[in-house]
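Written out below as structure tokens is the structure these notes cover.
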Amino acid sequence: MFTRLHMPPLTGATGYVNSGPLDPDALRGHVVLVDFWTLTCINWLRTVPWVRAWSQAYRDDGLIVVGVHTPEFSFEHRIEGVRLATQQRALDFPVAVDDDYAIWSAFDNHYWPALYFVDAEGIIRDSHFGEGRYEESERSIQRLLGIDREPVSVVGVGVEAEADWDHLRTPETYLGFQRGDHFASAQGAAFDRRHGYELPEDLRLNHWALDGEWTIGPECVVLDRAGGSIAYRFSARDAHLVLSPGTRGPVPFRVLLDGEVPGRSSGVDVGEDGTGMLREGRLYQLVRQRDGVRDRTLEITFEEPGAEAYAFTFG
């Protein structure tokens, strides 16, 4: 909880989406909700339905929502990707592009997502980090606006749906060597150079492996030869993978679940026959189990080289 801490100016933004630069005069006299996000963050994606609904429900009461996109991965610095994510998530409020972390640093922020609730005098009155606490956050907005009404009704769908927390047993897993762990290919990992890998006969829960020729870099693994695969043994309703096509254009891929096409368990970015297309850098939902959650082995195979894989997340 903040007391008498003024909202820093949004100086240092490298660009804006949905608006021009927001100087203090543009925000003065308004209640402001600042939402720090990055386009690949599953935790942020699951908060989007509420932030979007609050912006629409309280705009006429004086609320201004300001998104601040501060990138986690290198490809997220491309403003075209931020614009596309803004369109895909139907965000109709201003978004400051914070490629240099100037706004992030001014707020002394450390999390995606992060919400800061600012009163009409420019003073930060509340904050929340991560998912959840939606009704309390909405009540904070109402208190700052001086209104009292029933909270908005929100249901997330697709990748925005709330996680199945009761059955989530697999953590976020990074694939680059700077933060990666639980790598299970028998040959071990070779860093920053092309190397051949094979999948083990069995994967332990929450472990992953490569098959084919890959380069394991600091923040991602990059496929060097068509036909390479990544396998992961997980326990969760949903499985996602942050991917980028790199510089080579669209990359077709195929997903198998326990060696078979996913069928009804396909995610929003995969057909029931397991096929999908990597077109732009973002988070891809590969699996959504609809017939009960149990331990499964996911395998994704890329039909062209150049695919970059950054992190698995689950829900």
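The values are calculated or read from the model by the stated rules, or taken from the named source; none is laboratory data. Model, not experiment: these values are computed from the prediction. Ideal geometry is used to build each Cβ from the backbone, glycine not excepted, and the neighbour counts take in all protein chains shown. Accessible surface areas use protein heavy atoms only, side chains included; no ligands, DNA or RNA. Shrake-Rupley method; radii C 1.70, N 1.55, O 1.52, S 1.80 Å.
On the basis of the beta-carbon distance and an R0 of 25 Å, Glu172 and Arg294 show a calculated FRET efficiency of 0.80. For the chain, carbon and sulfur atoms together expose 47% of the accessible surface, with a 1.4 angstrom probe and every protein chain in place.
Rounded, prolate or oblate for the range 184-233? Axes are the square roots of the Cα gyration tensor eigenvalues, ordered a ≥ b ≥ c, and the cut-off for rounded is a/c under 1.5. Cα axes put the range 184-233 in the prolate bin.
Each of Arg248 and Glu72 was given a label point 7 Å from its Cα along the Cα-to-Cβ line. The distance between the two points is 2.5 nm. Just checking the listed ones, Glu303, Glu135, Glu150: in the Gaussian network model of the chain with Cα springs under 10 Å, the one fluctuating most is Glu150. To the nearest ten degrees, helix 79-88 and the longest principal axis of the Cα atoms of the chain are 80 degrees apart.
Report, in degrees rounded to the nearest 10, the 0 to 90 angle that the Cα long axis of helix 48-58 makes with the longest principal axis of the chain. Once rounded, the angle reads 20 degrees. Under the criterion of Cα pairs below 8 Å and six or more residues apart, the relative contact order for the range 1-125 equals 47 percent.
For the pair Arg204 and Gln187, label points projected 7 Å from Cα toward Cβ lie 2.2 nm apart. Note on the range 46-165: antiparallel DSSP beta bridges, both residues inside, total approximately 60 percent of the bridges counted.
The residues of the range 82-234 expose, per residue, 49 Å² of accessible area to a 1.4 Å probe.
Extension gain, Asp60-Glu80: 0.36 nm per intervening residue step, less the Cα-Cα distance, totals 4.2 nm.
Look at the dipole of the range 108-167 built from charges on Cβ: of Val118, Ser153, Gly130, the Cα furthest out on the positive end belongs to Val118.
Multiplying the residue separation of Glu162 and His110 by 0.36 nm and subtracting their alpha-carbon distance yields 16.5 nm.
Taking all protein chains as they are arranged and a probe of 1.4 Å, the heavy atoms of Trp112 leave approximately 60 Å² accessible to solvent. Only helical runs count toward this figure. For the chain, summing -39,500 (n - 2.57) over DSSP H runs of n ≥ 4 and dividing by all residues gives -4000 deg cm²/dmol at 222 nm. Given the range 164-243, what percent of its DSSP beta bridges are antiparallel, to the nearest 5? Percentage antiparallel, nearest 5: 85. Based on the Stokes-Einstein relation at 10 °C and a viscosity of 1.306 mPa s, and on the Kirkwood radius from alpha carbon pairs, the range 1-152 is assigned a translational diffusion coefficient of 104 µm²/s. Can you tell me the dipole magnitude for the range 5-114 around its Cα centre, using point charges on the Cβ only (Lys, Arg +1; Asp, Glu -1), in Debye to the nearest 20? So the dipole magnitude of the range 5-114 works out to roughly 320 debye.
For Glu121 and Asn18, the difference between the fully extended length at 0.36 nm per residue and the C-alpha to C-alpha distance is 34.7 nm.
With the dipole of the chain worked out from charges on the C-beta (+1 for Lys and Arg, -1 for Asp and Glu) around the Cα centre, which of Gln178, Asn18, Pro71 lies farthest toward the positive end? It is Asn18, whose Cα lies furthest towards the positive end. The GNM of the chain, with springs linking C-alpha atoms under 10 angstrom apart, assigns the highest mean-square fluctuation among His69, His167, His207 to His167. Only four residue types carry charge here, +1 at the Cβ of Lys and Arg and -1 at the Cβ of Asp and Glu. Report the dipole size of the range 195-315 about the Cα centre in Debye, rounded to the nearest 20. With only Lys, Arg, Asp and Glu charged at Cβ, the dipole is about 440 debye.
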